[in-house]
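Below you'll find the structure, written out as structure tokens, and then a few comments.
The values are calculated or read from the model by the stated rules, or taken from the named source; none is laboratory data. Since we're looking at a predicted model, the values are computed, not measured. All Cβ positions, glycine included, derive from the backbone under ideal geometry; neighbour counts span all protein chains shown.
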Amino acid sequence: MAAAVTAAGLATAVLLPAHAEAAGSVHLYKIYYDSPGSDRGGNSSVNAEYVQIRNSTGRAVSLKGWTLTDASRHKYTFGTYTVGAGKTVTIRTGKGSNTTYTRYQNRSWYVWNNTSDKATLRKSTGTTVDTCSYNSSRYDSKIC
């Protein structure tokens, strides 16, 4: 009997995280912080630095007023924008024309440090949704 109760308890423990994961979230997915080549500041190089935000929920989520910041407080604020259910949006550092799946910070220089930094995603209310840190020059990107 004790073995059955223990097994049932383990089964519940295994199901709870899966259930929470099934609910989904809007979260930082990837930071590509060290663009290829030397950092000379051309727009294509600056745009090779980006952050991806994934919506793993089953519904579209408005990101209007949400912010993405680094440890030095460079801030990108979303205008009117909705990320679709199960979709990912890429926020590039440089200049360009916004599309459904790519947004641009319109900066002329890099934001993400090549060795360590911290990304913070906040709702328009200021509530922190997610953070992702890295501390390595051995890699060019981090899956959060």
Output for the stretch 36-73, where each listed residue is of a type in the set (Gly, Ala, Ser), over 15 Å from the mean Cα position of the chain (by Cα) and surrounded by 15 or more Cβ atoms within 10 Å (Cβ to Cβ): 45, 48, 65
For the stretch 49-71, give me each residue that is of a type in the set (Gly, Ala, Ser) and either in contact (Cβ under 8 Å) with a residue 40 or more places away in the chain or in contact with a Phe, Trp or Tyr (Cβ under 7 Å, 6 or more places away or on another chain) (or both). 65, 71
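Yes/no matrix, rows are residues, columns are (1) at pLDDT 95 or above; (2) of a type in the set (Val, Ile, Thr); (3) under 14 Å from residue 32 (Cα atoms):
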site: 74; (1), (2), (3): yes, no, no
site: 105; (1), (2), (3): yes, no, no
site: 111; (1), (2), (3): yes, yes, yes
site: 120; (1), (2), (3): yes, yes, no
site: 133; (1), (2), (3): yes, no, yes
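Is it true that residue 136 is small (Gly, Ala, Ser), surrounded by fewer than 16 Cβ atoms within 10 Å (Cβ to Cβ) and free of Cβ contacts under 8 Å to residues at least 24 places away in the same chain?
On the way: small (Gly, Ala, Ser): yes; surrounded by fewer than 16 Cβ atoms within 10 Å (Cβ to Cβ): yes; free of Cβ contacts under 8 Å to residues at least 24 places away in the same chain: yes.
Considered against the rule, which asks whether it is small (Gly, Ala, Ser), surrounded by fewer than 16 Cβ atoms within 10 Å (Cβ to Cβ) and free of Cβ contacts under 8 Å to residues at least 24 places away in the same chain, residue 136 comes out as yes.
Out of the strands (runs of 3 or more DSSP E) lying entirely within the stretch 77-135, which hold 2 or more residues that are within 19 Å of residue 55 (Cα to Cα) and β-branched (Val, Ile, Thr)?
On the way: elements: 88-92, 102-104, 116-122, 128-135.
Ranges flagged: 88-92, 128-135.
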Selection within the stretch 96-144 - touching a helix residue (DSSP H, G or I) at 6+ places or on another chain (Cβ under 7 Å) and more than 19 Å from residue 46 (Cβ to Cβ): none
Residues satisfying the stated conditions in the stretch 92-128, i.e. within 14 Å of residue 26 (Cβ to Cβ), surrounded by fewer than 18 Cβ atoms within 10 Å (Cβ to Cβ) and of a type outside the set (S, T, N, Q): 123
Would you point out the residue of the stretch 26-35, among those that are buried (at least 19 other Cβ atoms within 10 Å of the Cβ) and not hydroxyl-bearing (Ser, Thr, Tyr), that is modelled with the lowest pLDDT? 34
